[in-house]
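Some notes on the structure that comes next.
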Amino acid sequence: MLKTVATKPFSDQKPGTSGLRKKVPVFQQPNYAENFIQSVFDSLEGFAGKALVIGGDGRFYNREVIQTAIRMAAANGFGRAIVGQGGILSTPAASHVIRKFKAFGGLILSASHNPGGPHEDFGIKYNIGNGGPAPEKVTEAVFARSKVIDRYLTLDTPDVALDIIGTQTVGGMTVEVIDPVSDYAALMESLFDFPAIRAMFKDGFRMVFDAMHAVTGPYAKEILENRLGAPAGTARNATPLPDFGGHHPDPNLVHAKELYDLMMSADAPDFGAASDGDGDRNLIIGKGIFVTPSDSLALLAANAHLAPGYKAGLKGIARSMPTSAAADRVAEKLGVGMYETPTGWKFFGNLLDAGMATICGEESAGTGSDHVREKDGLWAVLLWLNVLAARRQPVKDIVVAHWREFGRNYYTRHDYEEVESEAANGLMADLRGKLGVLPGLKFAGLVVETADDFAYHDPVDGSVSRNQGIRVLFQGGSRVVFRLSGTGTSGATLRVYIERYEPDAAQHGIETQEAVADLIRAADEIAGIAQRTGRDRPSVIT
Ligand code: G1P
Ligand code: ZN
């Protein structure tokens, strides 16, 4: 029975860097999820009878919203819903399934690396038919709709049996519950040299993959242990839990500290990796060396030809603006295009669709390629494994040799979390106000060369995205970037991105925070971070 339910708008349903993210109790308000999903459907055209992919990272409240989304999709006229078993689909797997089944789009329920549980975070994101996050013109339409919405459409039907693979019907719509892993695993097998990686494991190569009790557990078990023959237990914390075991499923040096400590110990395995809540981020650590995501992007781009899926070479490389320029030097050497986009994966979609870029990456532990339209944690791990299987050298040797050839981009990000929104906005506004006077001024001994507010002109569709982060470039090529996070759910998070280029190999062994100490001081002098936020140090350093 089709039901038209009257509703009132919520004023806070503006999608951020990656969909709508709020605390679970916010999403549990009557009609909150329904309003947003209906606003998405109302902003789309031409989906009648078409397929919608639905899946999530298994966090608290996932199953409830999956059922809601299925009913609403049927009521709104979709012909088919493709749903991951148990309501599970990692973000990259969802992107692949959308593409493989030529679906109209997909709803991904996730708050990525944010914590989960009854009082933690939840999120909903819409992806378009190319498998990638909806572009800004769609998210803006969704927000506009959410401000005036007065009804949503649903059905009076029982819950779908989410755990049973097979076909069911809801109203006039077919619901296919699929194995969330197999299509994705087959895609990985088509890109990488599985026999070579299998042989490496057989020869005693040891790795640890930390799934952080999040969505990649079943994917890692199937691919690393079943298909590649890594010993049982290689994938750790591999059972997805609704609250991620009480941890932040964020693969960085703070939240994956246990893995980091293991990799720095005398008994470290050859390779350590981790992924986040929804499986799109990656952490790469070799024995005795953490590989920064910016360096990992550059290294993967320089070595991608070693994997069968990329042996024809790269069409181009893209990175978000705050990501270090390490990959730029690789693009230059390869003679391919280099694109600098705003933060967030949605800006890579056009470049990938147009065949201008093959590999993309962000400093925030995101790397991916044109095989899907999302960043992809396990893909990055497998490309690393493929490179290691082809080169048979330790990670550390590969990284050090790369720096020797290209120079080293010392890089760190300082996050100030849950700062009062007013203080954070004031800091950014003041920075914007003084961009014109900064050039020529000296901070902590460094002279500002240029300063601007990054604006992106999409070379494919001509759209312009402004206010994407304040860049302060110093003489000699070092820089500091300031921006506010668009994914947080309480207060504001100030991100300060710090980078120094060092061509001299004799200077490549300095500890990172020490190597950029003058830039850290300059950032504080320029923006008055300590004084405005009341914090004398960042909450997280990555
Ligand atoms: C953060 C990262 C960004 C990434 C996004 C989604 O966004 O900085 O690179 O694309 O999460 O994973 P932010 O909170 O900075 O807006
Ligand atoms: Zn994520």
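Throughout, read-outs are computed from the coordinates displayed, never taken from laboratory work. Every value quoted in this text rests on a predicted model; they were computed, and no experiment measured them. Here Cβ is always computed from backbone atoms with ideal geometry, including for glycine, and neighbour counts include all displayed protein chains.
Quick notes on this one:
- Within segment 292-371, percent of DSSP bridges classed antiparallel, to nearest 5: 35 percent
- Length gained when the stretch Glu136-Asp270 is fully extended (0.36 nm per residue, less Cα-Cα span): 44.1 nm
- FRET efficiency for Gln531 and Asn467, using Cβ-Cβ distance with R0 set to 30 Å, rounded to 0.05: 0.80
- Nearest-20 debye value, segment 145-216 charge dipole, Cβ charges on Lys, Arg, Asp, Glu: 280 debye
- Reciprocal mean inverse distance between Cα atoms of segment 271-332 - Kirkwood radius, Å: 12.9 Å
- Once backbone amide H atoms are built at 1.01 Å from N, Val175 has Ala81, Gln168, Thr169, Val170 as its partners under 5 Å, excluding neighbours fewer than 5 places away on the same chain.
- When the inverse distances between all different Cα atoms of segment 176-233 are averaged and flipped, the Kirkwood radius reads 12.2 angstrom.
- Virtual spin-label span in nm between Lys23 and Lys147, 7 Å along Cα→Cβ: 2.5 nm
- Across q = 0.09, 0.21 Å⁻¹, segment 46-182 modelled as identical point scatterers on its alpha-carbon atoms has Debye log10 I(q)/I(0) values of -0.24, -1.40, in the order of the q list.
- Beta bridges by DSSP in segment 311-467, antiparallel share as percent, to the nearest 5: 50 percent
- Across every direction, the projection of the convex hull enclosing the Cα atoms of segment 1-124 has a mean area of 7.5 nm².
- Taking segment 395-542 and dividing mean pair separation by its residue count, relative contact order in percent (alpha carbons under 8 Å, at least six apart): 36 percent
- Label-to-label distance, nm, for residues given as Thr174 and Ala354 (7 Å Cα→Cβ offset): 3.7 nm
- Separation of alpha-carbon centers, segment 86-156 and segment 457-481, rounded to whole Å: 28 Å
- Segment Asp518..Val400, full-extension length gain: 40.1 nm, with 0.36 nm per residue of separation and the alpha-carbon distance subtracted.
- Basic side chains Lys and Arg get +1 at the Cβ, acidic Asp and Glu get -1 at the Cβ, and with that the dipole of the chain about its Cα centre reaches some 680 debye.
- Rounded to the nearest 500, the 222 nm mean residue ellipticity of the chain from helices alone is -9000 deg cm²/dmol, with -39,500 (n - 2.57) taken per DSSP H run of at least 4 residues.
- Taken over segment 378-434, the convex hull of the Cα atoms encloses 157 Å³ per residue.
- HN-Hα J in Hz across segment 452-465 - Karplus 6.51, -1.76, 1.60, θ = phi - 60°, x for Gly and Pro: 8, 9, 5, 10, 10, 10, 5, x, 8, 10, x, 6, 10, 10
- Kirkwood hydrodynamic radius of segment 414-537, from inverse mean 1/r over distinct Cα pairs, in Å: 15.5 Å
- Between Leu435 and Ala505, the simple spin-label model (points 7 angstrom out along Cα→Cβ) gives 4.0 nm.
- Based on C-alpha pairs under 8 angstrom that are at least 6 apart in sequence, the chain has a relative contact order of 13 percent.
- Bridging of Lys442 to aspartates and glutamates at a Cα separation below 12 Å is possible for Asp518, Glu525, once same-chain residues fewer than 8 apart are set aside.
- Antiparallel %, DSSP beta bridges [both residues in the chain], to 5: 70 percent
- Couplings 3J(HN,Hα) of segment 236-248, computed from phi: 9, 6, 8, 9, x, 10, x, 10, 6, x, x, 9, 7 Hz, in residue order, whole Hz [Karplus 6.51 cos²θ - 1.76 cosθ + 1.60, θ = phi - 60°; x for Gly and Pro].
- Largest first and in whole Å, the equivalent-ellipsoid semi-axes of segment 1-55 read 21, 16, 11, each the square root of five times a Cα gyration tensor eigenvalue.
- Nonlocal Lys pairs with alpha-carbon distance under 15 Å, segment 3-136 (8 or more apart, or different chains): 7
- Per-residue HN-Hα couplings for segment 3-20 [Karplus 6.51, -1.76, 1.60; θ = phi - 60°; Hz; x = Gly/Pro]: 10, 9, 9, 6, 8, 10, x, 9, 8, 10, 9, 7, x, x, 3, 8, x, 8
- Among 469-479, 277-287, sorting by the average number of other beta carbon atoms lying within 10 angstrom of each residue, highest first, gives 277-287, 469-479.
- Residues whose amide H falls under 5 Å from that of Val181, counting only those 5 or more places apart or on a different chain, are absent, with hydrogens built in the peptide plane.
- With the convex hull drawn over the C-alpha atoms of the chain, the volume per residue is 139 Å³.
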